[in-house]
Amino acid sequence: MTKVVPDSKTRDWLLEAAKRKNIYVEGNILKLIDSDPGDTEFADYIQKSIEKDQDARKRRLEITRQIQERNRELLESEEKIKKMNEELFEALQKAEDLRNAAEQAKEIAENDLDIIQKRTQNELTGLIVRVALYVIVGVGTLTSAMYAIALMSGVDTQVIGSTWSNMLGILLTNAFSIVGTIMGVKYASEKMKV
């Protein structure tokens, strides 16, 4: 395209706008405007308009670069924050897994302790019952043997017979009392755990 020289009215209006308001033509339109060969005032106006346009373009370009730099920094920050959030989420997940594992270990330990306590209690109960039965059977056998010896030797057994009968009654009562007490304690301890 060829350059165009504006008419005198447009020329004067552009020069007036520059003087009064400091407004100059900008952009690609400057490539199409020319001045008359002898009109140095309008030639200076066009030159000044081109310089101002170049300065404005440089400022806009610098602002665009700054914005792009800030955007790049923001994107990098966003990536860092995203990565930190992922790491935080993973750490929280691991902490939750550890808490669950600790609770499971606690439950297992409590169950094992309960089983050990019950087994120990059952062993102790069995030992007490066996010892009590050995004592009862031993005393009953000894008393019965003494009564049998007294009967065979022909000694008066009236006092020994009633003593023997009382002793067997006491032994049976004690045997049932021991077994009942043990069963009661065992039942009570099971009720308290529930």
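What follows draws every value from the coordinates through simple rules; no lab data is involved. Treat the numbers as computed from the prediction; the structure is a model and nothing was measured. Don't worry about glycine lacking a Cβ; one is built from the backbone with ideal geometry, like all the others, and counts go over all protein chains shown.
Key figures
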item: Nitroxide proxy distance, nm - points 7 Å out along Cα→Cβ at ARG72 and ILE29; result: 3.5 nm
item: Projected label distance in nm at LEU142 and THR2, using a 7 Å step from Cα toward the beta-carbon; result: 14.8 nm
item: Extension gain (nm, one decimal) between ALA56 and ASP114, 0.36 nm per residue minus Cα-Cα; result: 12.4 nm
item: Matching label, mean projected area of the Cα convex hull in nm² computed from the structure shown, candidates (1) 10.2; (2) 24.3; (3) 16.5; result: (2)
item: Residue among ILE67, ILE23, ILE108 with the largest mean-square fluctuation in a Gaussian network model of the chain, springs linking Cα atoms under 10 Å; result: ILE23
item: Straight-distance crosslink candidates among lysines, where the alpha carbon sits under 21 Å from LYS21 and sequence neighbours closer than 8 are dropped; result: LYS9, LYS48, LYS52
item: Inter-label distance, nm, simple model (7 Å from Cα along the C-beta direction), VAL135/ASP39; result: 13.6 nm
item: Degrees between helix 40-153 axis and first principal axis of the chain (Cα, 0 to 90, nearest 10); result: 0 degrees
item: Per DSSP, loop trypsin sites (Lys or Arg not before Pro) in region 86-117 with at most 14 further Cβ within 10 Å; result: none
item: Listed residues VAL135, VAL155, ASN122: farthest to the positive end of the dipole of region 117-193 (Cβ charges); result: ASN122
item: Convex hull per residue volume in Å³, alpha carbons only, for region 117-193; result: 53 Å³
item: Which of THR181, THR157 has the fewest Cβ neighbours within 10 Å, and the rest in rising order; result: THR181, THR157
item: Cα-centred dipole magnitude for region 19-176, charges only on beta-carbon of K, R (+1) and D, E (-1), debye, nearest 20; result: 220 debye
